[in-house]
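The values are calculated or read from the model by the stated rules, or taken from the named source; none is laboratory data. Quick caveat, the model's predicted, so the values are computed rather than measured. FYI the Cβ positions are ideal-geometry reconstructions off the backbone, even for glycines, and counts take in every protein chain you see.
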Amino acid sequence: MSMSGRDGRRPGLGAVAGLLAAGTALGVGQFVAGLTGASGSPVVAVGELQIDFTPPWLKNFAISTFGANDKLALISGILVVLAVFAALIGVAAVRRMAYGMAGLAVFAVVGLTAATTRPDATVASLLPTLAATAAAVAVLLALIPLTGPPPRPAPRPVSYDPVTEPGPAGELPGPATGEDIAPGTEPGRIEPRRRSFLAASAATAGVAAAGGLAGRVLAERTSVTKAQQAVRLPRPSVTTQALPPGTDLDIPGLAPFVTPNASFYRVDTTLVLPQVDPTKWQLRIHGMVEKEITLTFEDLLKRPLIEDYITLCCVSDPVGGPYIGNAKWLGASLRDLLREAGVRAGADQLMCTSVDGFTSGTPTEIVMDGRDALLAVAMNGTALPVAHGFPARMVTPGLYGYVSATKWVTDINVTTFAGNYAYWAQRGWSQQAPIKTECRIDVPTGLADLKPGKITVAGVAWAQHKGVEAVEVRVGNGAWHEARLAAVPGIDTWRQWSWDWNAPSGGHVLQARATDKTGYTQTATLAPPEPNGASGYPQVSVPVR
């Protein structure tokens with residue numbers, strides 16, 4: 001059975017043409033995005049628009065399912081949908097070119113809408129999608145005609161009646177039928193057509209690959225990694241105390257007291273890391289202040305800098321989850337900056353904006369109460385990594401990151417909570433979100449059988465700006481046993497703990513709970529991350545054999 005359409009065109013080849021059109025569009029779009037700015041890439045723009053409209057439950061599902069690969073999963077999903085849509089466009093174009101053009105128009109509208117809704121959108125942001133659409137149109141116009149048989153040559157004039165008089169061979173040709181032009185009856189004419197389609201397809205794929213590669217090379221020219229590595233950090237005016245002995249229990253599998261930069265969790269709303277030139281970076285502090293302040297990066301480095309160990313935690317962290325880390329930060333005091341600006345009465349929120357448009361709402365009172373709320377420039381002794389906010393970010397002890405830890409911060413509007421909702425508050429999360437007193441079991445993991453006898457149970461606990469007073473562990477529904485606590489330099493960091501368990505054979509469930517220095521003990525009540533942080537006891541099922 002032939003897979004051709006009524007006119008001899010092949011839908012399968014049309015689907016291939018559609019996929020090649022999409023691939024070329026992506027390559028050309030990436031190339032133009034490399035010239036105008038990586039955030040203008042059509043796929044990135046659509047992905048960030050999708051993030052903006054992602055409900056909290058879906059965000060939590062993505063993070064819990066894919067972890068640090070949630071953005072890769074999103075991009076992969078977009079590419080799969082795009083591939084299916086492109087194949088359908090190609091099949092539609094085989095039937096009628098106007099159908100394929102209509103499909104590409106939908107593609108263009110989605111891409112342009114996503115590009116124009118980005119907070120940092122400019123006229124140049126439209127160019128990648130426009131160029132991508134034009135490339136896809138050109139590919140369809142070139143390939144779709146090659147999916148069917150070539151046009152039949154026009155009949156030569158004859159001087160006889162083709163019905164009543166014999167032809168040149170002495171035959172009486174009957175009237176032409178559809179079988180005379182069916183695909184496959186003239187292989188000598190169709191095979192070159194197929195070779196033309198294959199050759200054009202190969203050339204198109206080459207253009208797509210070259211465009212994508214060139215786009216990546218161009219994007220690398222805007223990288224600020226060299227500028228980040230070239231930063232010379234001044235000595236801090238206020239240094240943190242040396243870590244006391246016993247801060248790190250040095251137990252295999254237990255999270256170290258200081259989280260390395262490369263291992264520090266990353267949760268944000270951007271698909272392409274903002275490349276902020278430190279020589280062009282500025283921070284504006286305005287709103288309900290007596291005096292507006294604008295800082296350059298050079299100004300910031302000249303200010304008195306404070307060094308402190310502070311633990312940050314993401315509100316999306318499930319009970320016992322990985323989205324928490326501890327680092328030594330270096331930065332300027334936000335409290336001092338606000339005092340210089342002169343906060344007016346009634347201003348209870350700092351609306352902090354990132355270069356990519358993300359906003360967080362930080363309580364003014366928290367920043368002003370004496371804790372080391374920082375405009376950070378360094379992390380663990382080096383300038384901030386690009387992925388963690390270079391050249392400057394917010395670090396506020398005791399608050400979940402979505403209300404306190406804006407990366408790539410460029411604007412602080414001193415305002416009120418009434419009627420002013422930051423990014424995640426607009427999506428149903430709480431406007432104010434102090435970190436809950438929690439703990440986590442790191443070892444044992446429950447992934448391997450253990451032998452009966454002494455087993456070390458260990459983990460970390462946190463109660464930022466309150467301090468961890470105790471951690472308890474129990475087996476099944478048995479009695480609670482107090483764990484040994486590691487030393488800490490202050491109340492704004494997590495704290496390691498361990499407990500020695502004489503484990504009998506069998507299957508066991510370990511649970512833990514933390515108590516902070518205010519006397520509050522971690523609740524057993526289970527709650528999801530939204531709207532203000534998860535709760536419950538962490539637990540691990542341990543087979544002992």
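In summary, ALA347 fulfils each of the numbered conditions (1) among the aliphatic types (A, V, I, L, M); (2) part of a helix (DSSP H, G or I); (3) over 30 Å from ALA242 (Cβ atoms) with the single exception of condition (2).
For ARG371, indicate whether it is surrounded by fewer than 19 Cβ atoms within 10 Å (Cβ to Cβ) and either assigned by TED's automatic domain parsing to the domain that holds ASP411 or modelled with pLDDT of 95 or more (or both). I'd like the intermediate steps shown before the answer.
Details: surrounded by fewer than 19 Cβ atoms within 10 Å (Cβ to Cβ): no; either assigned by TED's automatic domain parsing to the domain that holds ASP411 or modelled with pLDDT of 95 or more (or both): yes.
Judged against the criteria, ARG371 is not a match.
One residue stands out in the range 217-254 among those that are aliphatic (A, V, I, L, M) and part of a loop (DSSP other than H, G, I, E, B): the one that is farthest from LEU305 (Cα to Cα), namely ILE251. From the list ALA83, ALA68, which residue is at pLDDT below 80 and among the aliphatic types (A, V, I, L, M)? Selected residue: ALA68, the only one of ALA83, ALA68 that is at pLDDT below 80 and among the aliphatic types (A, V, I, L, M).
What's the number of the only condition in (1) touching a Lys or Arg at 6+ places or on another chain (Cβ under 9 Å); (2) hydrophobic (A, V, I, L, M, F, W, C); (3) closer than 30 Å to VAL272 by Cα that CYS439 fails to meet? All conditions are met except number (3). Just checking, does the range 464-476 include any residue being in contact (Cβ under 8 Å) with a residue 60 or more places away in the chain and under 28 Å from the mean Cα position of the chain (by Cα)? Among the residues of the range 464-476, at least one is in contact (Cβ under 8 Å) with a residue 60 or more places away in the chain and under 28 Å from the mean Cα position of the chain (by Cα), which makes the answer yes. Of all the listed residues (ALA433, ALA418, ALA422), the sole one being under 23 Å from GLU292 (Cβ atoms) and in contact (Cβ under 8 Å) with a residue 40 or more places away in the chain is ALA422. So, in the range 437-449, of the ones that are part of a loop (DSSP other than H, G, I, E, B) and touching a strand residue (DSSP E or B) at 6+ places or on another chain (Cβ under 6 Å), which residue ends up nearest to ARG513 (Cα to Cα)? Here the residue is THR437.
When residues of the range 290-315 are filtered for being of a type in the set (A, V, I, L, M) and part of a strand (DSSP E or B), how many remain?
So the answer is 6.
If you go through the range 121-140 one residue at a time, do you hit one that is out of contact with any Phe, Trp or Tyr (no Cβ under 8 Å at 6 or more places or on another chain), under 24 Å from TRP408 (Cβ atoms), at pLDDT below 90 and outside any helix (DSSP H, G or I)? There is at least one residue in the range 121-140 that is out of contact with any Phe, Trp or Tyr (no Cβ under 8 Å at 6 or more places or on another chain), under 24 Å from TRP408 (Cβ atoms), at pLDDT below 90 and outside any helix (DSSP H, G or I). From the list VAL377, VAL355, the lone residue that is at pLDDT below 95 and over 16 Å from CYS313 (Cα atoms) is VAL355.
Taking the criterion of being of a type in the set (Ser, Thr, Tyr), part of a strand (DSSP E or B) and in contact (Cβ under 8 Å) with a residue 60 or more places away in the chain, the residues of the range 353-396 that qualify are THR353, SER354, THR359, SER360, THR382. Taking the range 450-474 on its own, how many of its residues are in contact with a strand residue (DSSP E or B) (Cβ under 7 Å, 6 or more places away or on another chain), farther than 24 Å from SER541 by Cβ and not in a strand (DSSP E or B)? Residues in the range 450-474 being in contact with a strand residue (DSSP E or B) (Cβ under 7 Å, 6 or more places away or on another chain), farther than 24 Å from SER541 by Cβ and not in a strand (DSSP E or B): 4 in total. Name the residue, out of ALA486, ALA470, that is within 21 Å of ASP308 (Cα to Cα) and modelled with pLDDT of 95 or more. Result: ALA486 is the single residue among ALA486, ALA470 that is within 21 Å of ASP308 (Cα to Cα) and modelled with pLDDT of 95 or more. Of the residues making up the range 331-351, none is in contact with a Cys (Cβ under 6 Å, 6 or more places away or on another chain), surrounded by fewer than 24 Cβ atoms within 10 Å (Cβ to Cβ) and not assigned by TED's automatic domain parsing to the domain that holds ILE63. For the range 89-127, the candidate set comprises residues that are under 20 Å from the mean Cα position of the chain (by Cα) and crowded, with 20+ Cβ neighbours inside 10 Å; within that set, the residue that is farthest from ILE78 (Cα to Cα) is SER125. Can we say GLN282 is modelled with pLDDT of 95 or more, surrounded by fewer than 23 Cβ atoms within 10 Å (Cβ to Cβ) and on the phi < 0 side of the Ramachandran plot? The answer is yes for GLN282. Only one entry in ASP369, ASP348, ASP336 is touching an Asp or Glu at 6+ places or on another chain (Cβ under 8 Å), among the acidic types (Asp, Glu) and more than 26 Å from GLN229 (Cβ to Cβ), namely ASP348.
Among the residues of the range 309-318, is any among the charged types (D, E, K, R), touching a strand residue (DSSP E or B) at 6+ places or on another chain (Cβ under 7 Å) and surrounded by 13 or more Cβ atoms within 10 Å (Cβ to Cβ)?
Initially, the range 309-318 is screened for residues among the charged types (D, E, K, R), giving 317.
Filter once more, so that each one left must be touching a strand residue (DSSP E or B) at 6+ places or on another chain (Cβ under 7 Å): 317.
Next, from what is left, pick out any that are surrounded by 13 or more Cβ atoms within 10 Å (Cβ to Cβ): 317.
Yes, the range 309-318 has at least one match.
Can you find even one residue in the range 330-343 that is assigned to a strand (DSSP E or B), of a type outside the set (A, V, I, L, M, F, W, C) and either touching a residue at least 12 places away in the same chain (Cβ under 8 Å) or touching a strand residue (DSSP E or B) at 6+ places or on another chain (Cβ under 8 Å) (or both)? Taking every residue of the range 330-343 in turn, at least one turns out to be assigned to a strand (DSSP E or B), of a type outside the set (A, V, I, L, M, F, W, C) and either touching a residue at least 12 places away in the same chain (Cβ under 8 Å) or touching a strand residue (DSSP E or B) at 6+ places or on another chain (Cβ under 8 Å) (or both). Are any of the residues in the range 278-289 in a helix (DSSP H, G or I) and out of contact with any strand residue (DSSP E or B) (no Cβ under 8 Å at 6 or more places or on another chain)? So far as the range 278-289 goes, no, none of its residues is in a helix (DSSP H, G or I) and out of contact with any strand residue (DSSP E or B) (no Cβ under 8 Å at 6 or more places or on another chain). For PRO489, the criteria (1) outside any loop (DSSP other than H, G, I, E, B); (2) surrounded by fewer than 17 Cβ atoms within 10 Å (Cβ to Cβ); (3) touching a residue at least 40 places away in the same chain (Cβ under 8 Å) hold in every case but one, which is (1).
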